[in-house]
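What follows is a single structure, written as structure tokens, with notes after it.
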Amino acid sequence: MIETVIRKRIEILADKVMIRTVTDAIDAVGITGWTITPVDSGKGREGRWREERVMGTDKVLILTIASQENADALAEKIAPILTSHGFLLTMWDVEVIRGERF
Amino acid sequence: MIETVIRKRIEILADKVMIRTVTDAIDAVGITGWTITPVDSGKGREGRWREERVMGTDKVLILTIASQENADALAEKIAPILTSHGFLLTMWDVEVIRGERF
Amino acid sequence: MIETVIRKRIEILADKVMIRTVTDAIDAVGITGWTITPVDSGKGREGRWREERVMGTDKVLILTIASQENADALAEKIAPILTSHGFLLTMWDVEVIRGERF
Amino acid sequence: MPQGITRRMDAAALQTFTSPVVLFFVLGFLAALARSDLAIPEAIAKGMSLYLMAAIGLKGGVAVSQSGVDVTVGLALAAGIGASFLLPLMAYAMLKGFGKLDQLNAGAVAAHYGSVSVVTFVTAVEIYELQGIPPGGYMVAVMAAMETPAILTGLLLARRGMDRQQQGTSELLHEVFFNASVVLLLGAFVIGMIGGADGFADVSPFFEAGFKGVLCLFLLDMGLIAARRLLDSRAMTWRLGSIAIALPIINGALGTALGAAIGLDTGSAAALGVLCASASYIAVPAAMRLALPQADPGIYLTMSLSVTFPFNILVNIALIGALASRLT
Amino acid sequence: MPQGITRRMDAAALQTFTSPVVLFFVLGFLAALARSDLAIPEAIAKGMSLYLMAAIGLKGGVAVSQSGVDVTVGLALAAGIGASFLLPLMAYAMLKGFGKLDQLNAGAVAAHYGSVSVVTFVTAVEIYELQGIPPGGYMVAVMAAMETPAILTGLLLARRGMDRQQQGTSELLHEVFFNASVVLLLGAFVIGMIGGADGFADVSPFFEAGFKGVLCLFLLDMGLIAARRLLDSRAMTWRLGSIAIALPIINGALGTALGAAIGLDTGSAAALGVLCASASYIAVPAAMRLALPQADPGIYLTMSLSVTFPFNILVNIALIGALASRLT
Amino acid sequence: MPQGITRRMDAAALQTFTSPVVLFFVLGFLAALARSDLAIPEAIAKGMSLYLMAAIGLKGGVAVSQSGVDVTVGLALAAGIGASFLLPLMAYAMLKGFGKLDQLNAGAVAAHYGSVSVVTFVTAVEIYELQGIPPGGYMVAVMAAMETPAILTGLLLARRGMDRQQQGTSELLHEVFFNASVVLLLGAFVIGMIGGADGFADVSPFFEAGFKGVLCLFLLDMGLIAARRLLDSRAMTWRLGSIAIALPIINGALGTALGAAIGLDTGSAAALGVLCASASYIAVPAAMRLALPQADPGIYLTMSLSVTFPFNILVNIALIGALASRLT
Ligand SMILES: Nc1ncnc2c1ncn2[C@@H]1O[C@H](COP(=O)(O)O)[C@@H](O)[C@H]1O
Ligand SMILES: Nc1ncnc2c1ncn2[C@@H]1O[C@H](COP(=O)(O)O)[C@@H](O)[C@H]1O
Ligand SMILES: Nc1ncnc2c1ncn2[C@@H]1O[C@H](COP(=O)(O)O)[C@@H](O)[C@H]1O
Ligand code: NA
Ligand code: NA
Ligand code: NA
């Protein structure tokens, strides 16, 4: 059987204008990479949003695979803007194949 | 270290025309929000689909973070259309930062 | 309460030109279906990429729900191209409602 | 058949196959069959379909603002709505009998054949204008009116004898009356009527001059999609394929005859024929996912989009034009 | 009011309501209120807004390459920049006082009203050209110059007395000076100036002939988006709604008077009025998400996009045009 | 150099830098270097590239339907295909020697330089038409024929001496012969030949009048993408950068000379030169991801897209035009 390693998968829902801030934080704590996927619409405390891509106020999901330590470091680093900007951060354990590089 | 709480992450693959039904159910059980992400194509029992956005028969992923109770309530509420409409619902535990509001 | 079953959720980040290879592997090990979601941009060992959709060198996320055995079979089958093509494969356990068919 | 008609049909068929619009459809179809990766981004395809609907709506409205509304228009509307309500009945019988579908899927498919395909209509208008038999501008309103009655008939057929499901009925009715294409077609039609030829002059470089070119690229995409669906399809049988060709022939002939009977001019009678012959693949599938989710899209989309649509574009529009020339 | 003006206003209002551009906006607004699923793909809408900015920039640049730059242009630029810096002050006072907003949200909203809406400007130019009072080409440069000063004023107001937050300041300044619409508008303006009428001839079928049609579809989409946001909004009060109508009236009158005072021609004075009256819903919201994330987009976007924008399109552009005719 | 040529080159260079098409490219490049957030939605960019390919294909087909096919056309095709097969050899030698790349990456990059860039070709045609030396319509077919031979040579070079990998070979061959741009270019070419000038008249407002404007916006986007990739790139060295400028100069001169030698007219010889000088950044990268996944896109895309492409647009097209004028 293929051997797998356990890593943290972290997904951050953030404003598109803030991508740079988040990815800089990911780079800064030494995580090897990240992947950005699009988001269509949503609802939170501030009501529903949709079609914000036209206005440039839309959001994205930023996904990164990291070791437990790096994940903790990232969470620590990013916590302040999580609160001020209303980002959403979830993380959980995943098995990664040939994942020694993460 | 940043404190985290454990919540359920629920992802529902649903027809775009049914978004309203699903998000109404989420609102009804008292979950605070949801986020919708796009889907390109897929394959299931009814064969492959793609380029359905042109026809308006495409699907989306509806993602919501909820407490265990709310998650159970949502699952209960949404089960009938899961079967009739061939939706896909998966859920798992995630750590959420500053997640007391969910 | 609604009964759920435990299945593996597998997500593979792959080049768009390689979709066929991956989905053929999924079909070959007997998994019932898959779903493809879009990806905007990312960063890895080879640096940052974005706007690759114009060049046709972009990536997608391929998501599939499978039993433990099928998941293992898929991982085994797909491992060689994971390494050669720099794909990213993560998998974890999820609860699926009415998921006997997977 | 008298020689004149035959010659006319030959000429029409020839014109069909040298028209860039049709040739781009063929290109898309062949490219997909060859499994080329040619694809038009979905956002672009969707944008083009909105453009085509806005343009055809405007054009129809401007035409009616000049010709005025008379009893013919009322008759055409009534004929179209009636046809949309009734055509699913025959389709249903064929689908259950010869086609061996169950009640649910037969009802779902029947709804598609009572409704209409905007792009088939638009292509037909282009071809008939080339042939010198332009349909009346009011036929756009007829088309919008024909989109939805068939959905109701189809649902009644599919659910006959069942406990009427409540869930989703109000969404469905709403979807039926405010669906995107009905709103855009009729909205643009009204704007065209208000603005008239003067108001239209300003926007005509965009909506008129660009029209045929956009239609080319859109049909390229529809060719790709239709052929890919055929390749991916699992549920098609030769019986269903035959019905998907027989229905447009029969419905087209009935519609043309009806148009001639109520006194429409050649082009308009032919356009009514095309509307009856065409099968929806946008408005109705979305309604079916809402109201009859257990019905199989692999059946109704493949029949309407991958068989009937190409057949209409490549063969049936020309046939119906020839029939209309004969009957009027 | 003298009879001549009244008659002129009637004619202008009528022209507004038979213009396809405005009618498409109304169609979108009504369709969304009826909860139709009509929607334009976001990529298409974004593409259309880029097209409109490139086209208006080019057109302005070509016009200036022919008319040359004189002292009027300098005055208009200075007036625009000054207005963008100062208009948020009055807005802020109204929003905190009558509107009952806190300092943070009042500052954020005020920034939007000092800045400008490109599409409102473009629609006004179309309407004024129809009325025979075309604004000068240099007004495009004035528009680009007015986009960002208000952001600085708004931030100062919002953060007054607070510990100046460092985080994000450099991103913000960068965003302010190199944001997409400023770069595209000014870039196309310069290209237009370099290429002149000759260089433009080649590309004018695309950028000029298509312009009004694209504007129609774009306004259709803006109507949909504005009305949907109104339906989804939770934070709107009648007080805020009133301000969102009062501000464009006041700012529009001030801007027009300013334009007349510095000697602009009728169309240009009216255009300056429209720029002052309009509220940003693209550049400023993005800057606010960066610099004032705690401010509620449900307030500033709904006011600028769902109330002020429709009011300007449907009523205020005509009012400002009439006022400018009177003052110049 | 005789004075006439120098003057001609000056005029050509001037024309290059006042052409809106080129200026929009420069705008995009500068905006990205200034890290502006200006961006064109990917669906729109993709749509524009499909439009450009359909339009250029149609135009070429119509031209050939009028001029007919003669021996020159056959010679040009043979020359193009031969060049595409052989040019990678020299490129490979330079890349391994002076460029210090390993066999794998040298082969991958070499494939790009043997193949062609559709947009470079299209821009060159625009510029040469302005200069009064329009290339023959059949050069579109030559371009389509040159897209793929280089891929085979590049792969042979990259895999020389290795165990031939089986995996993916059939997909690759399929990708090579049915890739989107080959299918669309040749398909539209054939449609243009069938329809001729008459069939084209209908769609020319869309495909001809809009062409230059779309090219402007597309080059704006390519400028943005090329500069962003340069900023993000990690793998570029001054050696590779030099090769990415030397190769288009050498290949362009060889191609032009070859064109002159087989008797092509000035414009067509220049176009052949441009095809040889240009490097693919669409068809070949996709093929490399399939067949040589271990090669680094950070090298081949950055060289072809961020160095060679701008160099060709801004400098080399004019040089090649001047050379062709001299040689023919
Ligand atoms: N740690 C990571 N987390 C998430 N995505 C990653 C990570 N590393 C790489 N990726 C993605 O995988 C792609 C290929 O990575 P690589 O093979 O390292 O070039 C990158 O472009 C990213 O989109
Ligand atoms: N419970 C939730 N589950 C999933 N997404 C959420 C949830 N709550 C909020 N969101 C997303 O986060 C965004 C910001 O939320 P908020 O900060 O509450 O306005 C919303 O617009 C949603 O897209
Ligand atoms: N095993 C699976 N893993 C991931 N997605 C699936 C799976 N099975 C089905 N799907 C998705 O669910 C949709 C409906 O499936 P079905 O109800 O089987 O037709 C498919 O088109 C896929 O997009
Ligand atoms: Na029909
Ligand atoms: Na303003
Ligand atoms: Na080349």
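Only the coordinates and a few stated rules stand behind these numbers; no lab work does. This structure is a prediction, so every number in the text was calculated from the model and none was measured. Note that each Cβ is placed from the backbone with ideal geometry, even for glycine, and that neighbours are counted across all protein chains shown.
What shape does segment D:167-218 take by its C-alpha gyration tensor, where a ≥ b ≥ c are the square roots of the eigenvalues and a/c under 1.5 counts as rounded, a/b above b/c as prolate, and the rest as oblate? Because a/c hits 1.5 or more and a/b fails to exceed b/c, segment D:167-218 counts as oblate.
Phi angles across segment F:290-299 convert, under the Karplus curve 6.51 cos²θ - 1.76 cosθ + 1.60 with θ = phi - 60°, into 3J(HN,Hα) values of 6, 9, 10, x, 6, 6, 8, x, x, 8 Hz, Gly and Pro given as x.
Given a Förster distance of 25 angstrom, what is the FRET efficiency for F:Q66 paired with F:L130, based on the Cβ-Cβ distance and rounded to 0.05?
Details: r = 22 Å, r/R0 = 0.86.
So, using R0 = 25 Å, E works out to roughly 0.70.
Averaging the sequence gap over all C-alpha pairs within less than 8 Å and six or more residues apart, then dividing by the number of residues, gives chain E a relative contact order of 32 percent. Picking from D:T72, D:T120, D:T153, which is most flexible by a Gaussian network model of chain D using Cα springs under 10 Å? In this elastic network of chain D, the residue with the biggest mean-square fluctuation among D:T72, D:T120, D:T153 is D:T72. Between copies, the label points at F:L173 (set 7 angstrom from Cα along Cα-to-Cβ) are spaced 6.1, 6.2 nm, reported in nanometres from shortest to longest. Residues whose amide H comes within less than 5 Å of that of D:A34, counting only those at least five positions distant or on another chain, are absent (H built at 1.01 Å from N in the peptide plane). Couplings 3J(HN,Hα) for segment D:128-144, derived from phi with the Karplus relation 6.51 cos²θ - 1.76 cosθ + 1.60 (θ = phi - 60°), are 5, 5, 4, 7, x, 10, x, x, x, x, 5, 5, 4, 5, 4, 4, 4 Hz, where x marks Gly and Pro. When D:Q66 is represented by a point 7 angstrom out along its Cα-to-C-beta vector, the spacings to that point in the other copies are 3.0, 3.0 nm, nearest first. Need one number for chain E: average projected area of the convex hull over its C-alpha atoms, nm². Averaged projected hull area, Cα only: 16.4 nm². Each Lys and Arg adds +1 at its Cβ and each Asp and Glu adds -1 at its Cβ; summed about the Cα centre, the protein assembly as shown shows a dipole of about 180 debye. Counts of other chain beta carbons within 10 angstrom of each beta carbon in peptide A:63-72 average 2.
Remark: mean inter-chain Cβ contacts per residue of E:298-309 equal 1, using a 10 Å Cβ-Cβ cutoff to other protein chain atoms.
Counting residues in segment E:253-328 as N, plug N into 2.2 N^0.38 Å and put the Cα Rg over that result. Relative to the 2.2 N^0.38 Å estimate, segment E:253-328 comes out at 1.29. If you bin all the Cα-Cα distances of segment E:87-175 at 10 Å, starting from zero, the percentages per bin are 16, 36, 28, 16, 4, 0.
Overall, segment A:12-94 carries a charge dipole of about 360 debye about its Cα centre when +1 sits on the Cβ of Lys and Arg and -1 on the Cβ of Asp and Glu, all other atoms neutral. Run the numbers on chain C and let me know its relative contact order in percent, using alpha-carbon pairs under 8 Å that are six or more apart. In percent, rounded to a whole number, it is 49. Inter-chain neighbour count for E:234-243: the average number of beta-carbon atoms from partner chains within 10 Å of each residue's beta-carbon is 1. Over 29 Å apart at the Cα level, from the set A:K43/B:K8; C:K16/E:K59; F:K96/F:K212; C:K77/D:K100; E:K59/F:K46, are C:K16/E:K59; F:K96/F:K212; C:K77/D:K100. Amide hydrogen proximity for D:A279: with H placed 1.01 Å from N in the peptide plane, the residues at 5 or more positions away or on another chain lying under 5 Å are D:S117.
Here F:A197 yields copy-to-copy label distances, from shortest upward, of 3.0, 3.0 nm, the label point defined as 7 Å from Cα along Cα to C-beta. Among the chymotrypsin sites (Phe, Trp or Tyr not before Pro) in segment E:130-227, none sits in a DSSP loop with a Cβ that has at most 11 other Cβ atoms within 10 Å. The rotation axis bringing chain E onto chain F passes closest to the chain E residue reported with its distance as E:A43, 2, by C-beta distance in whole Å.
Karplus-based coupling profile of segment F:322-327, in residue order and whole Hz: 5, 4, 4, 4, 6, 7, with θ = phi - 60° in 6.51 cos²θ - 1.76 cosθ + 1.60 and x standing for Gly or Pro.
A P(r) calculated from all alpha carbon pairs of segment E:63-127, with 5 Å bins opening at zero, reads 4, 16, 16, 16, 18, 12, 8, 5, 3, 1 percent.
Could you tell me whether the protein assembly as shown comes out rounded, prolate or oblate from its Cα gyration tensor? Rule is a ≥ b ≥ c as square roots of the eigenvalues, rounded for a/c under 1.5, then prolate if a/b exceeds b/c, otherwise oblate. Numbers along the way, then the final one.
On the way: a/c = 1.04, a/b = 1.00, b/c = 1.04.
Since a/c stays below 1.5, the shape of the protein assembly as shown is classed as rounded.
For the options F:I191, F:I151, F:I262, a Gaussian network treatment of chain F with springs between C-alpha atoms closer than 10 Å singles out F:I262 as fluctuating the most.
Compute the FRET efficiency between E:Q103 and A:E3 as 1/(1 + (r/R0)^6), taking r as their Cβ-Cβ distance and R0 = 45 Å, and round to the nearest 0.05. Write down the numbers at each step before the final one.
Working: r = 58 Å, r/R0 = 1.28.
Working from the Cβ atoms, E equals 0.20.
Projected onto their three principal axes, the Cα atoms of segment F:23-172 cover extents of 50, 48, 31 Å, largest first. Using Cβ point charges alone (K and R +1, D and E -1), the dipole size of segment D:3-327 about the Cα centre works out to roughly 920 debye. When chain F is treated as a Gaussian network with alpha carbon springs shorter than 10 Å, the biggest mean-square fluctuation among F:P88, F:P297, F:P205 belongs to F:P205.
Which of rounded, prolate or oblate describes segment C:12-94 when judged by the alpha-carbon gyration tensor and an a/c cut-off of 1.5?
Values: a/c = 2.01, a/b = 1.84, b/c = 1.09.
It comes out prolate by the Cα gyration axes.
Calculated on the alpha-carbon coordinates, the convex hull of segment D:185-328 measures out at 147 cubic angstrom per residue.
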